[in-house]
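Heads up: the structure comes next, in structure tokens.
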């Protein structure tokens, strides 16, 4: 397949919200290609469709028009089971940390590792610890999300996303809730860990201070994409 | 996940336990009633029982000619017979002097009546006229007869206005139909009810030779004897009585309905708890779905939650059920006790209740749209 070197290949993707007279187009013929191991930052004013694009790539939403291929798999018309299997290969980091409140940091990360096949409980736990160590939280293993600071929670979320060994990482403003110092730290970490696993990253951000970590910048306005070479 | 909300957990468990206790009590009463209605029936030393076709239950036994019982003797399988008089009589409480109806059985003291071997000895006391054996398990409203008798006092009272003396105590047990029992000789019995037609009895006990097929003999006797008598096996006699209480009174229905109410109440409580729990954690479930967890494995979490609720709600219900049965036994003298069948059936009801509620709560989970969490 010609597109196999590309992690993401989007052609003429359009998306609408609502029905009838309230129907509103949020994506208008978006084209985007991301190759393996590339770090792409997506910026743009709020409400321009960034998050919608992310959820479409993450197989969380049905594709309405256009082609979205992730890992060479066509998402338009994909069944629920196929999308669910695909999601296992995609790591996601959300605006909020979305950790499970009743699980410790370690258990939360383990939830990510649990998705890997053929791993015993002990191996998954060791992996979870390893990931927490690499995000600098080796001392907070047994703490509940409630007892962690915002930056720590976001780092646990990153560890959880990476523990599932994704080939693609989607991040929606991972630094939104963090101060600039911590935000910078988190993004650097994200990039370094993604590099180590040769995982592509697509990150939505408003934060101008972290733009320099990207291989490529993409700007979105009113549902259209504008490529910027950085 | 409920563990993080101890109050909600407690409410859930209390609700389930309450439903369980309700079901235990209602079913316990119902079964206790059916058992209690045949306490005396079970004791008879008989393979086949003859009653009048006009008899409907132990509280309204009609007479039939004693000759029929003697005719039954003609069958080669029959080993012995005992004619029994059976009626509800008014017993005067020797302490308060109030009257209350008591089930009286009259028989020839020399004949076997109950399978209990100690009775034969006590029956000799009845040969004297005006003597009765009083059931010490009768309800307290009949007066402190057993206590007085054990203290060595001479206990005398009136039945239907005639003086009788308590010659001994027996242990039978109260039933819904009769709050107390007493035994007396046929002679005394006829004396107490003088207008009984001569040669009329209410119950005829037939004992068969060992190895005889009671079912078969009963059928043959029924066809041989005139239709002014009904021939039943002992089990048939018991069923006849229980069937009356089950079908001809509202009692069985009421208690079954009560148990059903408990079931419904439990369902509502568990559903509420599981539903709000699922709703509270919807973003987390959605996150797991976004991470690639299967919907089924998340549904499994809810099912397990329901399962644990069922288990931990059942245990206190079982314990409380035992305690309440004890209470009821002491208060009513009814044979209400825990049995395996009921313990298992209440548990399966609770399990069904929790699973049903979990199933309903799951519909909320299907709404968890992973796209909403961004």
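The values are calculated or read from the model by the stated rules, or taken from the named source; none is laboratory data. No experiment lies behind these values; they were computed from the predicted model shown. In this analysis, Cβ positions are derived from the backbone assuming ideal geometry, glycine residues included, and neighbour counts consider all displayed protein chains.
Regarding the range A:93-102, can at least one residue be identified that is without any contact (Cβ under 8 Å) to a residue 12 or more places away in the chain, more than 8 Å from chain B (Cβ to nearest Cβ), assigned to a loop (DSSP other than H, G, I, E, B) and touching a helix residue (DSSP H, G or I) at 6+ places or on another chain (Cβ under 9 Å)? Can you show your working first?
Step one: list which residues in the range A:93-102 are without any contact (Cβ under 8 Å) to a residue 12 or more places away in the chain, which gives none.
Scanning the range A:93-102, I find no residue that is without any contact (Cβ under 8 Å) to a residue 12 or more places away in the chain, more than 8 Å from chain B (Cβ to nearest Cβ), assigned to a loop (DSSP other than H, G, I, E, B) and touching a helix residue (DSSP H, G or I) at 6+ places or on another chain (Cβ under 9 Å), so the answer is no.
Scanning the range B:272-281 for residues that are more than 41 Å from the chain's Cα centre (by Cα) and crowded, with 20+ Cβ neighbours inside 10 Å, we see that the one that is nearest to the other protein chains (Cβ to nearest Cβ) is B:281.
Of the residues making up the range A:66-92, those that are surrounded by 14 or more Cβ atoms within 10 Å (Cβ to Cβ) and out of contact with any strand residue (DSSP E or B) (no Cβ under 8 Å at 6 or more places or on another chain) are A:73, A:78, A:83, A:84, A:85, A:87, A:88. Just one residue in the set B:42, B:139 is closer than 21 Å to residue B:245 by Cα, in contact with a helix residue (DSSP H, G or I) (Cβ under 7 Å, 6 or more places away or on another chain) and surrounded by fewer than 19 Cβ atoms within 10 Å (Cβ to Cβ); that residue is B:42.
Within the range B:282-291, is even one residue more than 9 Å from chain A (Cβ to nearest Cβ), surrounded by fewer than 16 Cβ atoms within 10 Å (Cβ to Cβ) and either over 38 Å from the mean Cα position of the chain (by Cα) or within 20 Å of residue A:81 (Cα to Cα) (or both)? I'd like the intermediate steps shown before the answer.
Initial filter on the range B:282-291 (more than 9 Å from chain A (Cβ to nearest Cβ)): B:282, B:285.
With surrounded by fewer than 16 Cβ atoms within 10 Å (Cβ to Cβ) added as a condition, the list becomes none.
No, the range B:282-291 contains no residue that is more than 9 Å from chain A (Cβ to nearest Cβ), surrounded by fewer than 16 Cβ atoms within 10 Å (Cβ to Cβ) and either over 38 Å from the mean Cα position of the chain (by Cα) or within 20 Å of residue A:81 (Cα to Cα) (or both).
Here residue A:202 qualifies as in a strand (DSSP E or B), touching a helix residue (DSSP H, G or I) at 6+ places or on another chain (Cβ under 8 Å) and closer than 22 Å to residue A:10 by Cα. Reported count of residues in the range A:207-230, each being at pLDDT below 80 and under 20 Å from residue A:56 (Cα atoms), is 1.
Kindly indicate the residue of the range A:126-139 that is at pLDDT below 80 and part of a helix (DSSP H, G or I) and also farthest from the other protein chains (Cβ to nearest Cβ) among those meeting that condition. For the range A:126-139, the residue satisfying everything is A:138. Scan the range A:10-23 for residues that are surrounded by fewer than 10 Cβ atoms within 10 Å (Cβ to Cβ) and either in a strand (DSSP E or B) or at negative phi (or both) and the total you get is 4.
Being more than 17 Å from residue A:200 (Cα to Cα) and either in contact with a helix residue (DSSP H, G or I) (Cβ under 8 Å, 6 or more places away or on another chain) or outside any loop (DSSP other than H, G, I, E, B) (or both) narrows it down to one residue among A:77, A:47, A:37, A:29; which is it?
Working: A:77 fails: either in contact with a helix residue (DSSP H, G or I) (Cβ under 8 Å, 6 or more places away or on another chain) or outside any loop (DSSP other than H, G, I, E, B) (or both); A:47 fails: either in contact with a helix residue (DSSP H, G or I) (Cβ under 8 Å, 6 or more places away or on another chain) or outside any loop (DSSP other than H, G, I, E, B) (or both); A:37 fails: more than 17 Å from residue A:200 (Cα to Cα).
Of the residues listed, the single one that is more than 17 Å from residue A:200 (Cα to Cα) and either in contact with a helix residue (DSSP H, G or I) (Cβ under 8 Å, 6 or more places away or on another chain) or outside any loop (DSSP other than H, G, I, E, B) (or both) is A:29.
Residue B:77 meets each of the listed conditions (1) surrounded by fewer than 21 Cβ atoms within 10 Å (Cβ to Cβ); (2) touching a helix residue (DSSP H, G or I) at 6+ places or on another chain (Cβ under 7 Å); (3) not assigned by TED's automatic domain parsing to the domain that holds residue B:119 apart from (3). Read through the list (1) within 23 Å of residue A:53 (Cβ to Cβ); (2) within 13 Å of another protein chain (Cβ to nearest Cβ); (3) modelled with pLDDT under 85, then give the number of the only condition that residue A:175 fails. Condition not satisfied by residue A:175: (2). Restricting the search to the range A:57-72, which residues are within 14 Å of chain B (Cβ to nearest Cβ) and either more than 12 Å from residue A:9 (Cα to Cα) or more than 18 Å from the chain's Cα centre (by Cα) (or both)? Within the range A:57-72, A:58, A:59, A:60, A:61, A:62, A:63, A:64 meet the criteria.
Residues in the range B:98-111 that are out of contact with any helix residue (DSSP H, G or I) (no Cβ under 7 Å at 6 or more places or on another chain), more than 11 Å from residue B:159 (Cα to Cα) and surrounded by fewer than 20 Cβ atoms within 10 Å (Cβ to Cβ): B:98, B:110, B:111. Taking the listed residues A:123, A:105, the one that is buried (at least 23 other Cβ atoms within 10 Å of the Cβ) and away from every other protein chain (no Cβ under 12 Å) is A:105, with no other qualifying.
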